[in-house]
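Asks: So that we are looking at the same thing, I have put the structure below in structure tokens.
The values are calculated or read from the model by the stated rules, or taken from the named source; none is laboratory data. Fair warning: this is a prediction, and the values are worked out from it, not measured in the lab. Neighbour counts run over all protein chains shown; Cβ positions are idealised from the backbone, glycine included.
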Amino acid sequence: PVPCRLMIVGEAPAEEECKRGRPFVGRSGKELEMYLDRCLDLSRDDVYITNLSKVPLDSKKEMFDPDMMGEMLQKEIYDVNPQIIMTLGAISSYWFLRDAPHDMEVINAIPHEWEGKIVVPSFHPAAAFHDSELMQWIGEAFSTVNDALNGKVTKWKPGPPTIISKLEDVAGGDIWAIDTETMRDGRPYCTTATSREGRAAMIRADNQKELAKLKYFLSSAEKKKENIEFTCR
Ligand code: URA
């Protein structure tokens with residue numbers, strides 16, 4: 001529909017899409033429809049679905065210059081005038097969010113402002129075909145879109161992570177220590193970050209959204225100790 005409040009931007013048509021001349025009508029499309037239905041209670045006819053590139057991309061993704069792509073997309077955005085744009089996959093996410101950290105684990109599900117609109121980057125639904133854990137991350141991104149549709153997104157960039165320990169907010173100082181606790185089987189179950197003695201944020205490893213916020217925060221914080229590794233995922 002045009003205009004439409006929510007626009008979904010994938011990367012490029014795959015085989016089925018090329019045959020039928022419509023975006024997301026193959027396997028990825030089925031997956032996308034599943035998220036739309038389960039997370040937003042919407043069908044594909046309720047949203048405007050498109051791709052950044054209108055032709056299949058070369059497998060060497062890094063060869064693609066974002067400035068060369070997206071001319072048609074600009075026109076579509078103008079016509080559709082969406083309030084919320086969900087980007088699926090790294091290529092379309094970085095086309096919008098060039099200054100954001102280039103790491104999908106960091107930006108996934110975090111709302112950003114782009115030309116007065118809310119852009120919600122997400123892993124591509126097809127990425128979960130190879131790594132089913134990503135379904136949870138994609139679900140988080142859809143939950144941010146749901147919040148945005150309900151007018152609940154007011155912050156564009158993540159603030160510091162939520163503190164679940166009794167200690168004070170970790171924000172404000174430079175991060176100098178991060179400790180990840182793991183279970184016997186090696187799975188992480190929580191991460192603690194401290195900037196100063198007596199200050200810490202503790203985040204459970206199954207809280208993907210808070211972990212993403214912490215990673216985002218860390219990506220801009222100065223790390224004083226070289227050997228700090230954020231090992232939570
Ligand atoms: N993947 C995409 O990004 N877009 C499509 O249309 C199909 C698969």
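Residues checked against (1) part of a strand (DSSP E or B); (2) more than 8 Å from the ligand (Cβ to nearest atom); (3) of a type in the set (Phe, Trp, Tyr); (4) under 18 Å from Trp137 (Cα atoms):
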{"residue": "Met7", "(1), (2), (3), (4)": "yes, yes, no, no"}
{"residue": "Val25", "(1), (2), (3), (4)": "no, no, no, no"}
{"residue": "Met34", "(1), (2), (3), (4)": "no, yes, no, yes"}
{"residue": "Asp37", "(1), (2), (3), (4)": "no, yes, no, yes"}
{"residue": "Leu42", "(1), (2), (3), (4)": "no, yes, no, no"}
{"residue": "Asp45", "(1), (2), (3), (4)": "no, yes, no, no"}
{"residue": "Val55", "(1), (2), (3), (4)": "no, yes, no, no"}
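Asks: Can you pull out the residues in segment 26-63 that are over 23 Å from Asn146 (Cα atoms) and at pLDDT 95 or above? Quick ask: steps written out before the conclusion?
Replies: We begin by selecting, within segment 26-63, every residue over 23 Å from Asn146 (Cα atoms); these are 26-27, 53-63.
If the condition is that a residue be over 23 Å from Asn146 (Cα atoms) and at pLDDT 95 or above, then Gly26, Arg27 are the ones that fit.
Asks: Another question, if that's okay. Take Glu71 and decide whether it is closer than 24 Å to Met135 by Cβ and free of Cβ contacts under 8 Å to residues at least 12 places away in the same chain.
Replies: no
Asks: Can I ask one more? Among the residues of segment 124-155, count how many are away from the ligand (no atom under 14 Å from the Cβ), farther than 17 Å from Asp41 by Cβ and among the aliphatic types (A, V, I, L, M).
Replies: Adding up the residues that qualify gives 3.
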